[in-house]
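Visitor: Take this structure, written in structure tokens, and hold onto it; I'll ask about it next.
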């Protein structure tokens, strides 16, 4: 039996996992840190921090230009992450992966390179009520430029997409659909494979915002069947400023460059320029090389723990946290989809989310409060803001118990 | 320790039992303060009929503890002031929440000095001031939100 398989057979040892994340040992306001803001950004394992550090100490050079040894090593490390990403998400080839600064960049790339030149007045882009602003605003910019219109597929009170209505909304005028895989506010996991079957049948490209899914769910692009998929590195235990766009080779080949500059060209003359093949055509300028080296280490780390094991452990945490929170009188949870990740948005009657978050911070508990970059979803629920707990593989039941005690204390203080 | 100090007894007392909450029959000036990103809404009504001084003030709305408590404390402080005196008191309050130390002229509002350590919550305490000043200046709306992503 190889080492990896052996590890996967062992019970999930969260205390061992916690030792991999140096930041988790710090205190906040003299209390041990309880980091419950993972949907915002995750903490980084030592292997990621060390990979970035090692890159700058030993390998630093620009990519794809220098013929010297350092340049070769830097290029190999950078391209290595592209290959790892391709494996990580089940892409057909590393050449289907464009490295970006994150999901926002990836969606904007599709908006400007794919949608902008194609859409016309009368065309429509279909999104859902639960989208993050990053999957709304770029499409509004496309609409403003092309005369197309944004159309919204509704959700239920539980926070589930109404699939029938989504499919009904796929009329001939819809030229692109853009849906989040996992809601950053509700944790809802959307049935992407089912949606993709409907969009493919009608020849409508489907973009999936995978920002909140990639850190928590096993991914296989061939099984999902969507056309564009976006990744955010810093939520996936990697450095900030890293991410990716995956798309089919055929689509990538049809897309015009978005940024122009170095590294994306084949030959430049003042009369005109020929461009490099995808994916490099879309990577003008010097990228966040050290960041992508770190992201490569993060992917290795997640694979070494095992994504199925992570998902199973996080599901346990989600169920436990949900049950524990429900014991608090007056607490309302937003988003109770049957399929959801360990993201729990809530409010306590008579308290404001910001008061809650500030007071929980005093207890060492880091939660997000606010609109979570999802104004339309907040409007749907008729609240200005919620507090949000989002869990990761290093969180524990004990942390949930201590947080619930802290929330009860805050509730008594404010009520 | 700062969150406990921020939500100290006097703040919680003003939050739970706000002074001068409600509306005025026959106000001379009024404005709505809206921090849309937080969802805070504060309406301030004042009666300045006599010598342009605040004879009565009421506030209403839905907001967090810091916003509500500041509005309550402010409502006690500004009675009898004219627009110029309110402007000076607002400046003094800004100094207090920016870490300049307590100011004896501000009474209970000194409890907000701790906002020095919570920059992201300062806009909450500023809303009542901005709304009152807008009302006195003849503007109908105020906000203290700038760039919140």
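Visitor: Just report the Cα centroid separation between the stretch A:230-245 and the stretch B:65-94, whole Å.
Guide: Cα centres, the stretch A:230-245 to the stretch B:65-94: 46 Å.
Visitor: Calculate the length of the line joining the C-alpha centroid of the stretch B:101-122 to that of the stretch A:334-390, in whole Å.
Guide: Cα centres, the stretch B:101-122 to the stretch A:334-390: 27 Å.
Visitor: Only bridges whose two residues both fall in chain B count here: according to DSSP, what percent of them are antiparallel, nearest 5?
Guide: 80 percent
Visitor: Next up: Quick one: angle between helix B:65-77 and the longest Cα principal axis of chain B, in degrees between 0 and 90, rounded to 10, please.
Guide: Helix B:65-77 sits roughly 50 degrees off the main axis of chain B.
Visitor: Across peptide B:123-136, what mean number of C-beta atoms from other chains lies inside 10 Å of a residue's C-beta?
Guide: 0
Visitor: Express in % the proportion of alpha carbon pairs of the stretch A:162-213 at distances exceeding 14 Å.
Guide: 49 percent
Visitor: Something else: Can you sort B:98, B:72 so the residue with the fewest Cβ neighbours within 10 Å comes first?
Guide: Ascending Cβ contact count within 10 Å gives the list B:98, B:72.
Visitor: Would you order A:13, B:13 from fewest to most other beta-carbon atoms within 10 Å of each residue's own beta-carbon?
Guide: Lowest count first: A:13, B:13.
Visitor: Sticking with this structure for a sec: How would you order A:51-60, B:62-71, A:132-141 from highest to lowest mean count of nearby Cβ atoms within 10 Å?
Guide: Going by the mean number of other Cβ atoms within 10 Å, highest first, we get B:62-71, A:132-141, A:51-60.
Visitor: So, one more: Could you work out the Rg to Rh ratio of chain A, with Rh taken as the Kirkwood radius (inverse of the mean 1/r over all Cα pairs)?
Guide: Rounded to two decimals, Rg over Rh is 0.98.
Visitor: Next question, about the same structure. With both partners inside the stretch A:8-164, how many of the DSSP beta bridges are antiparallel, as a percent to the nearest 5?
Guide: The antiparallel proportion sits near 40 percent.
Visitor: Among DSSP beta bridges whose residues both lie in chain A, state the antiparallel percentage, nearest 5.
Guide: 60 percent
Visitor: Across peptide A:354-362, what mean number of C-beta atoms from other chains lies inside 10 Å of a residue's C-beta?
Guide: 6
Visitor: Using Cα centres only, tell me the gap between the stretch A:138-155 and the stretch A:288-326 in whole Å.
Guide: Centre-to-centre (Cα) distance: 33 Å.
Visitor: OK, next. Rounded to the nearest 0.05, what FRET efficiency do residue A:150 and residue A:220 have when you use their Cβ-Cβ distance and R0 = 35 Å?
Guide: Given R0 = 35 Å and the Cβ-Cβ separation, E is 0.75.
Visitor: A further question on this structure: How would the stretch A:144-301 be classified by its alpha-carbon gyration tensor: rounded, prolate or oblate, with rounded meaning a/c under 1.5 and the a/b versus b/c comparison settling the rest?
Guide: Oblate shape, in that a/c is at least 1.5 and b/c is the bigger or equal ratio.
Visitor: What percent does the relative contact order of chain B come to when contacts are Cα pairs within less than 8 Å and at least six residues apart?
Guide: 29 percent
Visitor: Now for a separate question. Round to the nearest 10 and give me the degree value, 0 to 90, for the angle of helix B:122-137's Cα axis relative to the longest principal axis of chain B.
Guide: Computed tilt is about 10 degrees.
Visitor: Rounded, prolate or oblate: which fits chain B, taking a ≥ b ≥ c as square roots of the Cα gyration tensor eigenvalues, rounded meaning a/c under 1.5, else prolate when a/b beats b/c?
Guide: Prolate, because a/c is 1.5 or more and a/b exceeds b/c.
Visitor: Another question, if that's okay. As a footprinting exposure proxy, order A:222, A:202, A:307 by other Cβ within 10 Å, with the fewest listed first.
Guide: Final ranking by Cβ density, sparse to dense: A:222, A:202, A:307.
Visitor: Does the stretch B:68-149 come out rounded, prolate or oblate, given a ≥ b ≥ c as the square roots of the eigenvalues of its C-alpha gyration tensor, rounded meaning a/c under 1.5 and, failing that, prolate meaning a/b above b/c?
Guide: The shape class here is oblate.
Visitor: Averaged across B:10-22, how many Cβ atoms of other chains sit within 10 Å of each residue's Cβ atom?
Guide: Mean shielding count: 1.
Values in this text are rule-based calculations from the coordinates and carry no lab data. From a predicted model like this one, the values you see are computed outputs, not experimental measurements. Note that each Cβ is placed from the backbone with ideal geometry, even for glycine, and that neighbours are counted across all protein chains shown.
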